[in-house]
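Data first, discussion second: the structure below is written as structure tokens.
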Amino acid sequence: MAKDFPPFDSAERRALLDALGLDLKQLDRRTRAAIEALSEEVLALRDESAALKAALADAELLADNDALVPIFNRRAFEREVRREIALSGRFQTPLSLIFIDLDNFKLVNDTYGHAAGDGVLLKVAGILQDRTRETDIVGRLGGDEFGVVLAHATYDDTLRKAAQLAQAIDALEVRDEASPATPVVRIGASCGVVEWRTGQSAAALIARADQAMFVEKSQRKAAGRAAR
């Protein structure tokens, strides 16, 4: 003889009914059918909501991350700078920014092609991530430009960090082992360091760091350490 209802043996459905304080055995046939159908719908909606939340998280990650390197893109970087500025203004804590422009990057693309250039950008992003704190903000601002925001860091502390990052990037070089005649391109980093001033916007802070970077790049060019 066929059963009037499918067995209610789902652990999730039982947990849901327990949470509601319902005992199916005490319900009539029609009410039980309605409760079972409703519980299935509730569980399906819960699963759908979880899937949508996961998809939204993935979409937000894609929207925030650079298309090539696994760090913030410029839009997300600027948003995080504004957030850190708000916190620094509220709690009166120091905040500094490093604007990094790679030296000799055009030579890599011209000599070895854009695939080699992409490889350099990935290595630089790795250096920045490995040598900064989890609380620091790292982003690609466009092309061969990167930004690092150090919360609770003084100007002097940030200068030291910029020097460490520049030293690591300066050690990078691109060469063709199979073709010794192809010139070796040595990568470098010109870093502009600025400290946030009360009342200064994120855009103004980044612009100041950009200007400081150009000053540093000019000095490196004069010393024969950089070329566009």
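Side notes on the structure shown:
- Residues located in the range 194-210, provided they are part of a helix (DSSP H, G or I) and surrounded by 13 or more Cβ atoms within 10 Å (Cβ to Cβ): ALA202, ALA204, LEU205, ILE206, ALA207, ARG208, ALA209, ASP210
- THR182 open to solvent by less than 80 Å² (accessible area, probe 1.4 Å) and at pLDDT 95 or above: no
- Residue match in the range 88-109 (condition: among the acidic types (Asp, Glu) and more than 18 Å from ASP210 (Cα to Cα)): no
- Among the candidates ALA33, ALA50, ALA37, residue that is within 30 Å of VAL138 (Cα to Cα) and either surrounded by 10 or more Cβ atoms within 10 Å (Cβ to Cβ) or modelled with pLDDT under 65 (or both): ALA50
- All of (1) within 25 Å of ARG82 (Cβ to Cβ); (2) in a helix (DSSP H, G or I) hold for CYS191 with one exception: (2).
The values are calculated or read from the model by the stated rules, or taken from the named source; none is laboratory data. Remember, it's a predicted structure, so these values are computed and weren't measured experimentally. Please note: Cβ atoms are built from the backbone with ideal geometry, for glycine as well, and neighbour counts cover all protein chains shown. These accessible areas exclude ligands, DNA and RNA; they are computed on the full protein's heavy atoms, side chains included. Shrake-Rupley method; radii C 1.70, N 1.55, O 1.52, S 1.80 Å.
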